[in-house]
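Colleague: Take this structure, written in structure tokens, and hold onto it; I'll ask about it next.
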Amino acid sequence: MNLPLHILRKDCRRLRGWLAVWLALLVAQAALAIYGFTIIKISVLGRTPPHIRQMYHPSLALNSLDCLESAEFTQAARTYFIELDHGQDKMSFYDQFITYKIISGYAMTALWLAEIGLLAYLVISLIREDTPLGDRAFWRTRPLAGVEVLWGKTLFLLLVIVAVPALFQWLFTVFAGPSSYESSFALHHFITLQFGWIALAMLLAVLWENIFVGFLALGALAAFTVVFDDLLNPSPTDLPWTHNPFWMLYILGLEIALAAALWRRFFRRRTFLFAGIVLVLAWENMKGFVAPLFPAVQYPRVSSSPFWMLYLLIVSTGLAATIWMYLYRRRVVALGLLGVGVLLLHAVTWLHYLKVRADFYHALDSLVILYSTLLGTVALLALLRQKPVDPEPPNTDGSAVTS
Amino acid sequence: MNAIETHGLSRRYGRLEAVHGLDLAVPAGAIFALLGPNGAGKSTTIKVLMNLLEPTAGSATVLGVDSRRLSPRELARIGFVADNMELPEWMTVRVFLDYCRPLYPTWDRDLESNLLQKFELPTDRKLKHLSRGMRMKAALIAALAYRPMLLVLDEPFSGLDPVVRDDFIRGVLEVSALGDWTVFLSSHDVEEVERLADWIAVLEQGKLRFAEPLDSLLRRFRRIEITRGANSVPSPSQSQKPIPSTWLASEEAGTLHRFIDSQYMEGDAERRCAELFPGAAINVQPLPLREIYLTLARHPEAAKAMQP
Amino acid sequence: MLPFSIELRPGLPLAEQILFAVKKAVVSGQLRPGDKFPSVRQLSQELRVNPNTAHKVVAALVAENVLLSTPAVGTVVAAPVAGSRRERAALLGSELERVIVEAKKFGLDIHDVQAAVEAHWRKLSEPSKS
């Protein structure tokens, strides 16, 4: 009997309702993206306007109709339509196109947020079912090794959160017919992002007993950063602030809080586990060796941006912490990681503002914001912290023997 | 060969020592009852034995293996039921047993269905929709069906009504084949375990008060009642004859003397009584376990040290 | 269901109670020679007692030739070895002791006890009214 598969089957059975919802979301996203892409194709009589290729992110996860939100693109497309119709007024079709663009923009964002929310829920739920921490987990008194449970959960995540959506992603890129560069980039980008979300969900679950408070805290941090950032440094060349990763985290936090409020029982347990971020790290490292073997495939170059480093760190520490927990059932490591994480955030913030903005005072500013937010978050956590539901030390009031 | 051994086992929570210097030896084949009031450290001890907690000092050996190194190989021969254990509540009884079955190579399907029938469990109901007693029974089937070498029960009877309790005991006895397994159970109720236990051990405030075979306890404790006759002889407190130190809880009222002999030997006590109370009527009665428990609680000097 | 009457009382040694109940059943004819005696497992289950206790009881009964261990059938009730009246009367030992102690407390003598025994015997020998 293959025990990891046994556990995988059990978890699939338990989450089958949610897996159906997950699948539905993926299908809806793909359908919307295909429809949108079709409209573009149709609207230019079967030919794809040149601008699309340059601005198009064939990644479902990143809202494949990103480009359509950009003002320049809209302008260019309009010009293109007018050119195409030799000055004839085909505005009605164009209006339809723009309407679709606006609605789909919201729809795609909503779908994507729902997907991220469900992803977090799946990860958390998966881990809470067989947590390695505490002394109450059912599997601890059964002949199951920590490694087997870990593998079972990993297989689930790889299948459900990485493989199936990746399949949808690939199908879409095939349909959209981008170059191999674009499709490999999209896939790469997508998988990276998925791992990122998983790792973040798990790391937070590990660090805070009350997971929704954790997310709220992170969201508060995000909100501060976003708001102050944009107030102090409005810049037209930046992506709209809704694309700011911290803003996304904030939305995610709200979603998790809502989910947790609806399913109160998850407050009580701690969760954790995680899937092969090692693959991503290995991928990054291996590219140097693999690329010369397959010259036809162009591998995207990874920037050495501080955010990327931060991402790698969070994700790899999440993985390490998880594996450590399942093997040794101790949570000391996770708390130590938090310290490392804060240091890193400091470094990243500093570097980003210095390197990207070349502005010392902004760098200082951002650090002030960072630490004040962190302090505020800690205070918030302390206020909202619930008592752990670990078995309390026994009372020794010497209560009399019954009977 | 001991199924369970502890050597100076201690476990502390912060500054509180839940278990302190516990030395226990559970012989294989015995039904060993660990008694004590709430908060005595029984659950903590069991959690350490099952490697749910680590000892802060000392060690414990379960089925020959250090408790910290319990691997699936040992766990496949250990059955565990606790009164507040977390079960996968979303599973139906059938799904739950289907889930547990592949984990144990010695699972006996016939025994499983036999117990299901005996316990009258509705197999298609989710565990969370079962009453407490039924949930315990389901957990018990999942712990018995593979005929474990060691069965560990943490307060198995608490909160169960008499019918369920009876079912529970019958289920355990059903699987019991002489000498083939050891049962280690904890309880705060003496009467629950009176019929089942071979050994009685008492834990109080984390320390072991005594551990002794039940037979030995029942054999050596007697209540002795002396009614001084018409030719009244002064009581020992009035005469100068010493009362044996093994006679406890001595009380007297009028012509009646009553005490508990903690080292009773047939004939010996009667002779002693005749010496001290010539001409008196002597009535020797065995002492119920509950009374023995209370006596030892009040007179800890009468406890015998546990033979390792 | 066990083929002999027994009522276990808490506090008293279980093995002795069971032994006594079996012997009484054999003497009174409730258990006849050749009757199949329950196995140790059945005994422990029915009475809800420790199997070791049940085992000890059966072993003791076999040692005292109350039961016989046959290879094919299992344990069966042995033929009573000319249980004399005196031996059977001896089984009333503990009850009699109690009666006598109580009687002495009340200050009765042996004749009072005998008269009381006769009176009660007559009462219980009358056919029951229901």
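Just so you know, all these numbers are worked out from the coordinates, no wet-lab data involved. It should be emphasised that the depicted structure is a prediction, and the values quoted were computed from it without experimental measurement. Here the Cβ is made from the backbone with ideal geometry for all residues, glycine too, and neighbour counts use every protein chain on show.
Colleague: Tell me the residue from A:106, A:121 that is farther than 25 Å from residue B:84 by Cα, without any contact (Cβ under 8 Å) to a residue 40 or more places away in the chain and surrounded by fewer than 23 Cβ atoms within 10 Å (Cβ to Cβ), please.
Modeller: On the way: A:121 fails: without any contact (Cβ under 8 Å) to a residue 40 or more places away in the chain.
Being farther than 25 Å from residue B:84 by Cα, without any contact (Cβ under 8 Å) to a residue 40 or more places away in the chain and surrounded by fewer than 23 Cβ atoms within 10 Å (Cβ to Cβ) holds for just one of A:106, A:121, which is A:106.
Colleague: Right, something else. Quick check on my filter: what residues within the stretch B:161-174 are closer than 28 Å to residue B:70 by Cβ and touching a Gly at 6+ places or on another chain (Cβ under 9 Å)? Show your work before the answer.
Modeller: The initial filter retains those residues of the stretch B:161-174 that are closer than 28 Å to residue B:70 by Cβ, namely B:168-169, B:171-174.
Answer for the stretch B:161-174, where residues must be closer than 28 Å to residue B:70 by Cβ and touching a Gly at 6+ places or on another chain (Cβ under 9 Å): just B:168.
Colleague: Also, I was wondering about something else. Output yes when any residue across the stretch B:157-167 is under 16 Å from residue C:44 (Cβ atoms), buried (at least 20 other Cβ atoms within 10 Å of the Cβ) and touching a Pro at 6+ places or on another chain (Cβ under 9 Å), and no when none is.
Modeller: no
Colleague: Under the condition of being assigned to a strand (DSSP E or B), within 14 Å of chain C (Cβ to nearest Cβ) and touching a helix residue (DSSP H, G or I) at 6+ places or on another chain (Cβ under 6 Å), which residue from the stretch B:257-308 is nearest to residue B:8 (Cα to Cα)?
Modeller: For the stretch B:257-308, the residue satisfying everything is B:260.
Colleague: Can you list residue pairs whose Cβ atoms sit under 9 Å apart, with the first residue in the stretch A:142-167 being in contact (Cβ under 8 Å) with a residue 40 or more places away in the chain and more than 14 Å from chain B (Cβ to nearest Cβ) and the second being surrounded by fewer than 18 Cβ atoms within 10 Å (Cβ to Cβ) and not in a helix (DSSP H, G or I)? Count only pairs 6 or more apart in sequence or on different chains.
Modeller: Close Cβ pairs (under 9 Å, with a partner that is surrounded by fewer than 18 Cβ atoms within 10 Å (Cβ to Cβ) and not in a helix (DSSP H, G or I)) amount to A:154/A:276; A:157/A:276; A:158/A:276; A:162/A:276.
Colleague: Which residue, of B:112, B:86, is in contact with a Phe, Trp or Tyr (Cβ under 8 Å, 6 or more places away or on another chain) and under 17 Å from residue A:142 (Cβ atoms)?
Modeller: Details: B:112 fails: in contact with a Phe, Trp or Tyr (Cβ under 8 Å, 6 or more places away or on another chain).
Exactly one residue qualifies, and that residue is B:86.
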